[in-house]
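Q: Here you go, one structure.
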Protein chains: 2
Amino acid sequence: MDIKQYMNDLGRKARAASRILNRAETADKNNALLAIADALEAKRELLKSENAKDLSAGKASGLDAAMLDRLALTDDGINGMAEGIRQIAALADPVGEIADMKYVPSGIQIGKMRVPLGVVGIIYESRPNVTADAAALCLKSGNAAVLRGGKEAIHSNKAIARCIHDGLRKVGLPEALVQVLETTDRAAVSEMITMPAYIDVIIPRGGKGLIEAISNGASVPVIKHLDGICHIYIDDQADIEKALRVAFNSKTQRYGTCNTLENLLVAEGIAEQVLPELCGMYQEKGVELRGCETTRNVVAGLNAATDEDWDTEYLAPILSIKVVKDLDEAIEFINEHSSGHTESIITENYTRARRFLREIDSSSVMINASTRFADGFEYGLGAEIGISTDKFHARGPVGLEGLTSQKYVVLGDGHIRN
Amino acid sequence: MDIKQYMNDLGRKARAASRILNRAETADKNNALLAIADALEAKRELLKSENAKDLSAGKASGLDAAMLDRLALTDDGINGMAEGIRQIAALADPVGEIADMKYVPSGIQIGKMRVPLGVVGIIYESRPNVTADAAALCLKSGNAAVLRGGKEAIHSNKAIARCIHDGLRKVGLPEALVQVLETTDRAAVSEMITMPAYIDVIIPRGGKGLIEAISNGASVPVIKHLDGICHIYIDDQADIEKALRVAFNSKTQRYGTCNTLENLLVAEGIAEQVLPELCGMYQEKGVELRGCETTRNVVAGLNAATDEDWDTEYLAPILSIKVVKDLDEAIEFINEHSSGHTESIITENYTRARRFLREIDSSSVMINASTRFADGFEYGLGAEIGISTDKFHARGPVGLEGLTSQKYVVLGDGHIRN
């Protein structure tokens, strides 16, 4: 297979299909999504038998139990994919919305219309449900999708693509709107991330290694999601009950997510009131605590936090705790060690809350709320294709709007410029 | 000079200064801008004597008259720079604006706060006034600026930087907020466009060659402005008087600007009513017309347009004219040949106007208005740092808002995720 030629053809077809989708009405897009959901349920046996090929190949090549679990397509998983697509069909169409229409002194009227980006490339690892989910988000936002899943899920992904094509055909939309790469050759990824004529944005979903490699090699813009090293700062004017509740939830509600608390900062004026009880709650839950010197003076028996700990996303029941002098030290520490994902202050003090909101440079900045809320569904976006830790284009949870852009529309009545 | 070390130090200083600016109040930023404007006027003689060094070096190295004209800093030019900065001081501060604040079912309240990008790198050619203009836009939008002007303007740019530093010092803001590169070594540009840790976006201003070279080499996001190959489509339901007026103005109001009309499309049903008079108007103004075969059948004596003409940004009194069958052919032609800058339809037909707005994939799409309106000042942005022909982040005229991003703010009252 000539990879360069293959990707070029695929890109050209995606671009042509995206132009057709840009003209499609909202009802056509929704009907396509509903037809895709139906096809996934109707082809349940095919999906499971193709998935079985991936699972047995995975077992043979020594994938661990967690990887095999992510790879498996169960009946529940198939129902979940179909349900997720129906939910996306029910969301408002972002495309075509005209905002901020106003007259200017020359007499023309100017506004902004929301439009699709065009073609979205998504590169992901083993979960086959991403194929359905990502395709549905792209279709709803008016974009063609080029999907490159993990090698270990290739049979499952191709089977899901067949269901998607069934749905598209049913409503008369081109199958090329959703193309799953037929090859798992890495050279295809290199082509995919360097064809700006055909692909408008790349979204990598997976581990840090994957995302860094793609960002470094891409000439197409990338919406990337690197670490989530999230902080909570408990101010000395915090409500202690809220502090305990929010700090505990932020760490323990789930350990493996990017919005989980990793570094807890506590103002020295409140450390003795908060830390003994809070540390006890964490320890009872099985969280390993690593403290700065002051923390260990307040609560005996904790491990010492090293310099490395403050810059580590554990994704595990481990928490680093530091006592800081005041808000200034907290802000400085956070802007140095945070990955720019999510930080929260616990305080009843108006001025400090206001300063925290303004001065913390992260994609989500919170007052008296759990970092675990940083998520497209919790924010009411209705869906999420990733969480951007970049500042450019999209920041924080990325829903349908992050897959669109805005063009200017100008209405005149024969107006000319003098 | 160790260029790598020099750029690294400069980048680090810019990043540190940007954090201080992010905390500055609107009045401090405005006072800094007013102080800079005053300093430019007060140091008028220094600016002219430093500019004279550039001009004589330019003459010695054989710059042409147009280049020397762009390089010259006259009294009027200095007054204009100062006035431009005072106008930027008078604009509303985009930073800190909170929008779309709403409650979601979990009880938390979510909105978006507009924040600076951080550090903006600008790479430009001979006009020294860009130094003052770009620095002012960056300061107002809360960003530090790293400025790399043309080699031929180095003395002028450094003198302008001294005035900017005077103004910053006066209000107690760090001079490192605006740094003009001391070197014109190209290696410094290579460093500048590949240091994402210190620079958040690069804006190249200049010819297509400069912009392409920078886009290809950059690992930092680029807001780029390539060609302006703008179209007008005169529909067969156009008001003829409006068609003549708008098509004439779009080409002839200025020839050298990116929003100038380059390709005129005319529906065959109205060609005989429009083309003879319109071509006469253009010819009287001295515009060279190049037509398709049908155009030349309607108006005798025109040159033939070649395939290359449809893809050329003339920036000159030359216009290509094509007769098309209908709106479908016009849309197809435009989406193939346009550079995605600005297109306008002349029609009284509601349905066709609505289709044109939706289906043309350009940064500005107009109805019955001159393409010459596509400009940040005309759109009421109050300023313009460029016109983006990209879809990502900023599209069309880029004002202060294009130099900012939005972060999520979440307000709770001890809320946790279940």
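FYI, it's all coordinate maths here, none of it is from the lab. Just so you know, these numbers come straight off a predicted model, no measurement behind them. Positions of Cβ are backbone-derived with ideal geometry, glycine not excepted, and every protein chain shown enters the neighbour counts.
Q: Tell me whether region A:137-186 comes out rounded, prolate or oblate; compute the Cα gyration tensor, take square roots of the eigenvalues as a ≥ b ≥ c, and use a/c under 1.5 as the rounded threshold.
A: prolate
Q: Sort the following peptides by mean Cβ neighbour count (other Cβ atoms within 10 Å, averaged over residues), highest first: B:146-153, A:209-216, A:363-370.
A: Top to bottom by mean Cβ count within 10 Å: A:363-370, B:146-153, A:209-216.
Q: Follow-up question, since we're still on this one. With contacts defined as alpha carbon pairs under 8 Å and 6 or more residues apart, what's the relative contact order of region A:342-418 in percent?
A: That works out to 22 percent.
Q: Per DSSP helix of 4 or more residues, -39500 (n - 2.57); summed, then divided by the residues of chain B. What does that give at 222 nm, rounded to the nearest 500?
A: Calculated at 222 nm, the ellipticity per residue is -13500 deg cm²/dmol.
Q: Something else: Which of A:109, A:406, A:273 moves the most in a Gaussian network model of chain A with Cα springs under 10 Å?
A: Answer for the Gaussian network model of chain A: A:109.
Q: Given N residues in chain B, what is Rg(Cα) / (2.2 N^0.38 Å)?
A: Ratio of Rg to 2.2 N^0.38 Å for chain B: 1.11.
Q: Calculate how many DSSP beta bridges within chain A are antiparallel, expressed in % of all such bridges and rounded to the nearest 5.
A: DSSP beta bridges in chain A are roughly 30 percent antiparallel.
Q: Within region A:309-398, which trypsin sites (Lys or Arg not before Pro) sit in a loop by DSSP and count at most 14 neighbouring Cβ atoms inside 10 Å?
A: Answer by residue number: A:325.
Q: Simple spin-label model, 7 Å along Cα-to-Cβ: residue B:68 to residue A:268 in nm?
A: For the pair residue B:68/residue A:268, the computed spacing is 6.7 nm.
Q: Kindly give the distances from residue B:77 to its copy-mates, label point to label point, with each label point 7 Å from Cα along Cα→Cβ, as nm values to one decimal ordered shortest first.
A: 6.7
Q: Would you list which lysines come within 18 Å of residue A:102, measuring only between C-alpha atoms, while excluding same-chain residues fewer than 8 positions from it?
A: A:112, A:407
Q: Another question, then. Using a 7 Å offset from Cα along Cα-Cβ at residue B:285, what residues in region B:211-237 end up with backbone N under 15 Å from the label point?
A: Under cut-off, by backbone N: B:230-233.
Q: Let me ask another. Students often forget the sequence filter, so: which aspartates and glutamates lie under 15 Å Cα-Cα from residue A:53 once same-chain residues fewer than 8 apart are removed?
A: Result set, ordered by chain and number: A:45, A:69, A:152.
Q: Label-to-label distances across copies for residue B:190, with labels 7 Å out along Cα→Cβ, in nm, shortest first?
A: 2.1
Q: Could you work out the relative contact order of chain B? I mean the mean sequence separation of Cα pairs under 8 Å and 6+ apart, divided by the number of residues, in percent.
A: Computed value for chain B: 18 percent relative contact order.
Q: Summing +1 for each Lys or Arg and -1 for each Asp or Glu, what net charge is found among the other residues whose Cβ lies under 10 Å from the Cβ of residue B:400?
A: Cβ neighbours under 10 Å give a net charge of -1.
Q: For the rotation that brings chain A onto chain B, whose beta-carbon in chain A is nearest the axis, and what is that distance in whole angstrom?
A: A:393, 2
Q: I would also like to ask the following. Rounded to two decimals, what is the ratio between the C-alpha radius of gyration of region B:278-418 and 2.2 N^0.38 Å?
A: 1.44
Q: OK, next. Using a Förster distance of 35 Å, how high is the FRET efficiency between residue A:86 and residue A:197, based on the Cβ-Cβ distance and rounded to 0.05?
A: Calculated value: 0.55.
Q: Antiparallel versus total DSSP beta bridges in the protein assembly as shown: what percent is that, nearest 5?
A: Here the antiparallel bridges make up roughly 25 percent for the protein assembly as shown.
Q: For B:401-411, what's the mean count of beta carbons from other chains sitting within 10 Å of each residue's beta carbon?
A: For peptide B:401-411, the averaged partner shielding equals 6.
Q: What relative contact order, as a whole-number percentage, does region B:230-373 give when Cα pairs under 8 Å and 6 or more residues apart are counted?
A: 34 percent
Q: Let me ask something else about it. Over what distance in Å are the Cα centres of region A:220-267 and region A:4-28 separated?
A: Spelled out, the Cα-based centre of one part sits 41 Å from the other.
Q: Okay, moving on. To one decimal in nm, how far is residue A:90 from the same spot in the other copies, if labels go 7 Å from Cα toward Cβ? Please give the shortest first.
A: List, nearest first: 5.2 nm.
Q: Still on this structure, please answer the following. In nm, give the distance between the simple-model label positions of residue B:293 and residue A:28, each being 7 Å from the Cα along the Cα-to-Cβ direction.
A: 3.2 nm
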